[in-house]
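Here's the structure, in C-alpha cells; my notes come after.
Nothing in this text is a laboratory measurement; each read-out follows from the coordinates by a stated rule. Note that the coordinates shown come from a computational prediction; the quantities given were computed from them, not determined experimentally.
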Amino acid sequence: MTIHAQASPEASTDADIRIDAVHVDAVHVDAVHVDAVHVDAVHVDAVHVDAVHVEVVDASDGQPDPIAALDFVSDDAFGGIDLFVGRVRAANQGREVTGIHYDMFDPLALNIFRRSAEGAIARFGPAARAYVAHAKGRLKVGDVAVVVAFATPHRDAAFRGCREVIEAVKHEAPIWKQEHYVDGSSEWSEGCALCIEPAPIATPVIATTRGTSDCCGCGLGHTGGHP
C-alpha cells in the first residue's frame, strides 16, 4: 500500500496534513491451483454389494431358507441357477445320528462367506449373484443346515460358482459340528466333502492320513464339519 500526502500551504503549526489519495497497489493473487484429484473407481472385480447375501441363522429362530435364496439370486438376465441345500443326515460313519449342534465365530464366518461369494462372482461373473446362509445351534435330523445359491447367465458358471462357494464354506469358515448319537453320546467332528465324494476329473485329490478316522484327509486345513 502506498500513501501520498502533502502539507497544505496554509498549514498551521499543527501541521495540518491533507491526504491526496490512498493508493493500494493491486494485489495479485494467483489462482490457487489444486491439481485435479482423480479417484479411480474402486474395482472389486465388478462385484456389486447387492450381488451377495450372507447370514448366520440361529436355530432358535428358524432354518436357512432355500426359497429366500432363490428369490435373492433370481434375475431375468440369469438363465442358470444352482442351489445347494445341506441337511442333517441320520447317520455318519456307521453311527446313527439324532441331531447335531453347530457352533461358530459369527463375524469371521460371515467374512469368509462374503469373501468366497465375491471371489466366485469375480471368477464366473461379473454377471452373477450369490447367497450363503448357515445354521447355528441345535438341529435335528432332516433340518436344513446350509444353503448356497449361485446364479449366472449360463449353467456351467452357475454349477462351478456354487461348488466353489460351498467348498470354501466347508473348508475355511470357523464352524464346528457336534454330532449326537442314539446311544446318548456326542462327539465333535470334522469333515470334508472332497474326502468322501468323487472329485472332478480335472481336479484330482490325493488322500492323506491325519491320524483319526473322522478327520479330513484333503490337507486343506479346514476347521469344521458340515453336511
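Numbers for the structure displayed
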item	result
Length released on extending from A91 to V141, taking residue separation times 0.36 nm less the Cα-Cα span	17.1 nm
Residues with amide H under 5 Å from that of V97, placed H, sequence gap 5 or more	A91, N92
